[in-house]
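The values are calculated or read from the model by the stated rules, or taken from the named source; none is laboratory data. The structure displayed is predicted, hence computed values, not measured ones. Reconstructed Cβ throughout: ideal geometry from the backbone, glycine too, with neighbour counts over all protein chains shown. Only protein heavy atoms, including side chains, enter the accessible area calculation; ligands, DNA and RNA are left aside. Shrake-Rupley method; radii C 1.70, N 1.55, O 1.52, S 1.80 Å.
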Amino acid sequence: MSISKEVKRVTTHVLQAMKDSGEKISMLTAYDYSMARILDSAGIDVLLVGDSASNVMAGHETTLPITLDQMIYHASSVIRGVQRALVVVDLPFGSYQGNSKEALTASIRIMKESGAHGVKLEGGSEVKESVSRILSAGIPVMGHLGLTPQSIYKFGTYVVRATSIEEADKLLEDARMLEELGCFSIVLEKIPSSLARKVAKEVKIPIIGIGAGPDVDGQVLVVHDMLGINKEFKPRFLRRYMNLFDEISEAVGRYIEDIKTGDFPSKEESYDPPIKG
Ligand code: KIV
């Protein structure tokens with residue numbers, strides 16, 4: 001999609017200015033061109049090409065199976081649909097935990113091959129070297145603390161995180177570390193609201209919450225969840241704005257009925273030019 005001159009792009013600096021002025025940041029996931037176009041034209045500030053694509057696009061139980069090539073495919077499709085939003089791409093499981101050189105190589109591939117504006121990765125002190133190395137190449141990095149789905153087999157459940165003093169202290173320290181390293185923002189997933197409030201107050205970069213209460217600088221949801229495409233997932237933090245599963249089922253039911261009864265296609269929906277010769 002070509003850049004229209006009138007559209008003022010959202011950059012990491014714009015997000016910082018939003019936090020500084022108290023304007024909340026809106027963020028959703030996107031994985032394809034058509035949805036990205038709709039979300040961007042509706043005015044979303046940030047689009048996350050999340051590794052949740054592994055769940056909602058590919059039907060896997062966890063985010064672990066998705067590959068770097070698949071993330072780049074989704075990210076390139078999203079980028080083609082966006083004129084204004086900042087597009088951030090998840091580094092998939094296995095692409096940054098091994099060593100910082102691999103992390104940088106994966107991030108460079110994402111930036112070069114998709115045209116995205118930054119990367120996101122999960123974890124704090126454990127991934128410090130990777131974060132520093134990616135940042136040293138001039139690539140904007142968003143952190144992700146609290147519930148980190150790529151570590152699901154370590155934790156065993158998707159329950160609220162950082163509910164002990166030790167875990168809460170570590171999370172706050174990790175957030176401070178990510179800020180000092182130069183990350184432009186941090187996602188906090190499924191943690192107590194009081195802790196998220198404290199992080200958003202003490203850390204000066206934008207804090208985006210998902211299940212982290214209202215006192216942070218912005219909110220993110222998985223688009224399939226908020227549009228009700230996915231009926232089974234009903235965590236307390238999710239607000240559904242549509243019931244697309246039912247609406248699409250109903251429309252497809254009518255389409256099937258119209259075919260079976262011969263109602264579709266009508267004369268007006270058919271071509272009937274005289275056949276020459
Ligand atoms: O992959 C994803 O969708 C995410 C959001 C839940 C923040 O990381």
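A few notes on this one:
- In this structure, Ser270 does not satisfy being under 29 Å from Arg37 (Cα atoms), of a type in the set (Gly, Ala, Ser) and open to solvent by 50 Å² or more (accessible area, probe 1.4 Å).
- Residue within the range 188-199 that is within 14 Å of the ligand (Cβ to nearest atom), closer than 20 Å to Ser52 by Cα, open to solvent by less than 10 Å² (accessible area, probe 1.4 Å) and in contact with a strand residue (DSSP E or B) (Cβ under 9 Å, 6 or more places away or on another chain) present: yes
- Put simply, of Leu48, Leu68, Leu64 the only residue that is away from the ligand (no atom under 14 Å from the Cβ) and under 15 Å from Gln150 (Cβ atoms) is Leu68.
- Members of the range 20-34 that are outside any strand (DSSP E or B), surrounded by fewer than 22 Cβ atoms within 10 Å (Cβ to Cβ) and either within 16 Å of the chain's Cα centre (by Cα) or not small (Gly, Ala, Ser) (or both): Asp20, Glu23, Lys24, Asp32, Tyr33, Ser34
- Residue in the range 35-55 that is open to solvent by 10 Å² or more (accessible area, probe 1.4 Å), at positive phi and in a loop (DSSP other than H, G, I, E, B) present: yes
- Filtering the range 200-212 to residues that are open to solvent by less than 10 Å² (accessible area, probe 1.4 Å), within 15 Å of the ligand (Cβ to nearest atom) and not in a strand (DSSP E or B) leaves Pro206, Ala212.
Residue-wise test of (1) under 19 Å from His224 (Cβ atoms); (2) in contact with a Gly (Cβ under 8 Å, 6 or more places away or on another chain); (3) among the acidic types (Asp, Glu); (4) touching a residue at least 60 places away in the same chain (Cβ under 8 Å).
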{"position": "Lys24", "(1), (2), (3), (4)": "no, yes, no, yes"}
{"position": "Met27", "(1), (2), (3), (4)": "yes, yes, no, yes"}
{"position": "Ser34", "(1), (2), (3), (4)": "yes, yes, no, no"}
{"position": "Arg37", "(1), (2), (3), (4)": "yes, yes, no, no"}
{"position": "Leu48", "(1), (2), (3), (4)": "yes, no, no, yes"}
{"position": "Gly59", "(1), (2), (3), (4)": "yes, no, no, no"}
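- Residues of the range 80-122 that are surrounded by fewer than 21 Cβ atoms within 10 Å (Cβ to Cβ), farther than 24 Å from Val10 by Cβ and touching a Phe, Trp or Tyr at 6+ places or on another chain (Cβ under 9 Å): Glu102, Leu104.
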